[in-house]
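The next block holds one structure in the form of structure tokens; read it before the comments.
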Amino acid sequence: MKMPIEIEQLITAFVYGTKLTFLELTSQMDHVLAVQNSIDFIFLSPVTYCLKSKVYVPNPYREGYPFHALNHLHKPTIFSEFMVHVPEFLSDAYFKNRYRGVLSKKLVKLQNTGFTAWNKLFFTFFVHLTEKDFKTDHRHFFKYFDELNPLSL
């Protein structure tokens with residue numbers, strides 16, 4: 001026997017502070033798991049702002065952190081500040097046929113929109129990165145980008 005939606009929403013309101021059906025909750029949890037499996041933790045902020053409770057909460061997109069309803073998370077706080085500094089780590093040779101400003105603007109857009117720009121950004125700029133594309137003193141960051149690439153596995 002299927003549980004009435006009202007009961008599901010009552011349970012999720014008590015546990016997560018927002019009314020969700022079990023299907024919506026499962027969908028959100030699947031999304032979180034997909035992000036955890038796709039994006040290295042260094043790119044994600046350890047905390048994110050909850051618009052409903054008006055406090056910072058552990059970022060559910062980081063593995064091992066508690067789940068929070070995604071519809072209350074402030075999207076610009078999901079990614080770490082590390083992301084906007086990526087162009088500073090890349091060598092001038094990497095930008096020979098690209099514009100540093102374009103990448104910077106796309107990273108700011110990613111910060112402001114959450115995940116909507118991630119795939120395009122990744123496949124436009126990050127999928128072909130090599131260790132040589134980083135400045136010598138920042139080459140250790142290559143491993144994080146290399147781990148993101150499904151083609152390198």
Checklist entry - Tell me, what HN-Hα J-couplings in whole Hz come from the Karplus equation 6.51 cos²θ - 1.76 cosθ + 1.60 at θ = phi - 60° for each residue of region 22-36, using x for Gly and Pro? => result 4, 5, 5, 5, 4, 4, 5, 5, 5, 4, 4, 4, 4, 5, 4
Item to check | Amide H contacts under 5 Å for PHE134, placed H, 5+ residues apart | outcome: SER91
Checklist outcome for this item: A correct Karplus calculation of ³J(HN,Hα) over region 89-102, with 6.51 cos²θ - 1.76 cosθ + 1.60, θ = phi - 60°, whole Hz and x for Gly and Pro, returns 7, 8, 6, 5, 4, 4, 8, 4, 10, 9, 9, 4, x, 5
Checklist entry - Can you work out the FRET efficiency for the pair ILE42 and LYS96, with r the C-beta to C-beta distance and R0 = 30 Å, to the nearest 0.05? => result 0.70
Next on the checklist: Treating the chain as a set of equal point scatterers at the Cα positions, no solvent, please give the Debye-formula log₁₀ I(q)/I(0) at q = 0.14, 0.15, 0.17, 0.21 Å⁻¹.
Outcome noted: -0.75, -0.83, -0.99, -1.34
Item to check | Over 32 Å (Cα to Cα) - which of LYS54/LYS143; LYS106/LYS132; LYS54/LYS96; LYS54/LYS106 fall in this group | outcome: LYS54/LYS143; LYS54/LYS96
Checklist outcome for this item: Counting only residues 5 or more apart in sequence or on a different chain, those whose built amide H sits under 5 Å from that of LEU44 are SER80
Checklist outcome for this item: For TYR56, other-chain or 5+-apart residues with amide H closer than 5 Å (H placed, Pro excluded) are CYS50
Checklist entry - Could you list, bin by bin from short to long, the percent of Cα-Cα pairs of region 79-153 in 5 Å steps? => result 3, 16, 27, 29, 20, 6, 0
Checklist entry - ASN59: net charge of surrounding residues, Cβ under 14 Å, Lys/Arg +1, Asp/Glu -1, itself excluded? => result -1
Checklist entry - What order, most packed first, do the peptides 42-55, 75-88 have when packing is the mean number of other Cβ atoms within 10 Å of each residue? => result 75-88, 42-55
Item to check | 3J(HN,Hα) from dihedral phi, region 37-42, Karplus parametrisation 6.51/-1.76/1.60, rounded to Hz, x for glycine, proline | outcome: 7, 10, 10, 5, 4, 5
Next on the checklist: If each DSSP helix of 4+ residues adds -39,500 (n - 2.57) and the sum is divided by the residues in the chain, what number results at 222 nm, nearest 500 deg cm²/dmol?
Outcome noted: -11000 deg cm²/dmol
Checklist entry - Expressed as an acute angle from 0 to 90° and rounded to the nearest 10, what is the orientation of the C-alpha long axis of helix 5-16 relative to the principal long axis of the chain? => result 60 degrees
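Throughout, read-outs are computed from the coordinates displayed, never taken from laboratory work. Predicted model only: the values in this text are computed from it and were never measured. Please note: Cβ atoms are built from the backbone with ideal geometry, for glycine as well, and neighbour counts cover all protein chains shown.
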